[in-house]
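First up is the structure itself, then whatever we jot down about it.
The values are calculated or read from the model by the stated rules, or taken from the named source; none is laboratory data. Here the structure is a predicted model, which means the values were calculated and not measured. Don't worry about glycine lacking a Cβ; one is built from the backbone with ideal geometry, like all the others, and counts go over all protein chains shown.
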Amino acid sequence: MKKLKVGVICYPSLGGSGVIATELGLMMADKGHEMHYITSGKPFRLIDAHPNIHFHEVKIDGYAVFKYPPYDIALANRIAQVIESEQLDLLHVHYAVPHAISAVLAKDMANSKIGIITTLHGTDVTILGHDPGLQNTVRYGINKSDIITAVSKSLRQETLELIKPEKDILTVYNFIDEQKYQPVDPGTLKADLGIETHDKVIIHISNFRKVKRIEDIISSFKEVAQTVDAKLLLVGEGPEKTDMEALVRELGLRDQVIFTGKRDDLPELLAISDIMFHLSEKEAFGLVILEGFACGVPAIATAVGGMPEVIEDGVDGHLVPLGDTAMVAQKAKTLLMDEALYETMKSSALQTAAKKFCSTTIVAQYEELYYELAGRT
């Protein structure tokens, strides 16, 4: 079968959409497809060069007439250039706004019949879709795409109900790179972080936005730490970090809570962790939970969005009501103090990652959609 040339438009920053966009591209590149990333910066997971991966930077020049740099216009112009110069077969766009809009404009600029597949990751619907000023824009981007996918059934349903697009939406789950996310030897990392050998470790990884409800994680941990010798690892950077550092000081937890900042050694951090807390008020999928599962870390998460599609309550983790920090603490203490229960749940987490969200299966689903779309033009 012919190898395809695919233009990929995504955010290059940390986050589920960027992770999936780059890991999908790497796996497609391994299959022989040419993947052309058109972004403002090199996606952070494209660390190692691959002969089938190409990066086309979007440069934004400042003009006095513009109060804000017109990124979406600059992106559309760059996409149009790459469509023509590389003779792309299709575009895979991550996020309806602004990326699908820019892709549609680029297609018109290039006078091309190229197909567009748009993957919805959550924020473009759960936040932007509720904004009356942007709802029509989201709908337009979806309707002008040829194939639309969502990363969970929950997100698909919310999009259909809120946006009311003209086209159906396919559910294609997220996946992880099993070669990277697996049980590994963390070496001396636990000691390096000042954690005692006998300490239990609870981990949270995110971009520290308000929607992640880091204060609930800290409150839950405080109750756990009254019974169990434990440390809390808060991994990442974001707008809430400074306030959360102040909260930790206020609660007298400075010796028990470790802010690591952004880290690249996530498998090693997960290897020293016992439980993951993920207590968001909105979450389309929760990719980081799946990464934890692949490393044998059960999760306690809020029963919102797509997280019940990842976690089977009481099997590979626990689902709790939003804001119920007492239940979070109770579930965590039971799990940490019952070794047999913990080992059973850890084993189930590994099985969930390996079977339900296998990268081979999900990448094949995307590849089938790519060939279908390329065959239409």
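Of the numbered criteria (1) of a type outside the set (Phe, Trp, Tyr); (2) assigned by TED's automatic domain parsing to the domain that holds MET28; (3) closer than 30 Å to THR361 by Cβ, the one VAL211 fails is (2).
Of the residues making up region 227-239, one or more are of a type outside the set (Val, Ile, Thr), over 24 Å from ALA349 (Cβ atoms) and touching a strand residue (DSSP E or B) at 6+ places or on another chain (Cβ under 7 Å). Within the bounds of region 186-195, is there any residue that is at pLDDT 95 or above and touching a Cys at 6+ places or on another chain (Cβ under 8 Å)? Scanning region 186-195, I find no residue that is at pLDDT 95 or above and touching a Cys at 6+ places or on another chain (Cβ under 8 Å), so the answer is no.
Taking residues in region 146-160 that are farther than 23 Å from LEU290 by Cα and touching a residue at least 40 places away in the same chain (Cβ under 8 Å), and partners anywhere that are surrounded by 23 or more Cβ atoms within 10 Å (Cβ to Cβ) and not hydrophobic (A, V, I, L, M, F, W, C), the pairs with Cβ atoms closer than 8 Å and at least 6 places apart or on different chains are ILE147/THR118. All of (1) within 23 Å of PRO267 (Cα to Cα); (2) assigned by TED's automatic domain parsing to the domain that holds SER206 hold for VAL363 with one exception: (2). Only residues that are under 28 Å from MET1 (Cβ atoms) and not in a helix (DSSP H, G or I) were counted in region 11-42, giving 9. From the list ALA349, ALA329, the lone residue that is over 24 Å from the mean Cα position of the chain (by Cα), buried (at least 21 other Cβ atoms within 10 Å of the Cβ) and not charged (D, E, K, R) is ALA329. For region 220-236, a tally of residues being surrounded by fewer than 16 Cβ atoms within 10 Å (Cβ to Cβ) and without any contact (Cβ under 8 Å) to a residue 60 or more places away in the chain returns 2. Within region 136-190, the only residue that satisfies the criterion of being aromatic (Phe, Trp, Tyr) and either assigned to a helix (DSSP H, G or I) or surrounded by fewer than 18 Cβ atoms within 10 Å (Cβ to Cβ) (or both) is TYR140. From the list THR344, THR334, the one residue that fits, being exposed (fewer than 13 other Cβ atoms within 10 Å of the Cβ) and at pLDDT 95 or above, is THR334.
Residues of region 155-174 that are among the hydrophobic types (A, V, I, L, M, F, W, C) and at pLDDT 95 or above: ILE169, LEU170, VAL172.
Would you mind stating whether GLY252 is surrounded by fewer than 17 Cβ atoms within 10 Å (Cβ to Cβ), small (Gly, Ala, Ser) and over 22 Å from VAL328 (Cα atoms)? No; evaluated as a whole, the condition is false for this residue. Whether a residue is assigned by TED's automatic domain parsing to the domain that holds LEU290, at pLDDT 95 or above and assigned to a loop (DSSP other than H, G, I, E, B) was assessed, and THR227 passes this test. The set of residues from region 274-305 being of a type in the set (Gly, Ala, Ser), surrounded by 24 or more Cβ atoms within 10 Å (Cβ to Cβ) and outside any helix (DSSP H, G or I) comprises ALA284, GLY286, ALA299, ALA301. If you filter region 239-273 down to residues that are among the small types (Gly, Ala, Ser) and assigned to a loop (DSSP other than H, G, I, E, B), you find that the one that is farthest from HIS121 (Cα to Cα) is GLY252. Name the residue that is modelled with the lowest pLDDT, counting only residues in region 199-218 that are surrounded by fewer than 20 Cβ atoms within 10 Å (Cβ to Cβ) and of a type outside the set (A, V, I, L, M, F, W, C). Looking at the filtered set, the residue picked out is ASN207. For region 343-360, the set of residues classified as among the hydroxyl-bearing types (Ser, Thr, Tyr) and under 16 Å from VAL310 (Cα atoms) consists of SER347, SER348, THR352, SER359, listed by residue number. Counting only residues that are within 24 Å of GLU237 (Cβ to Cβ) and either assigned by TED's automatic domain parsing to the domain that holds GLY286 or modelled with pLDDT of 90 or more (or both), region 27-49 holds 2 of them.
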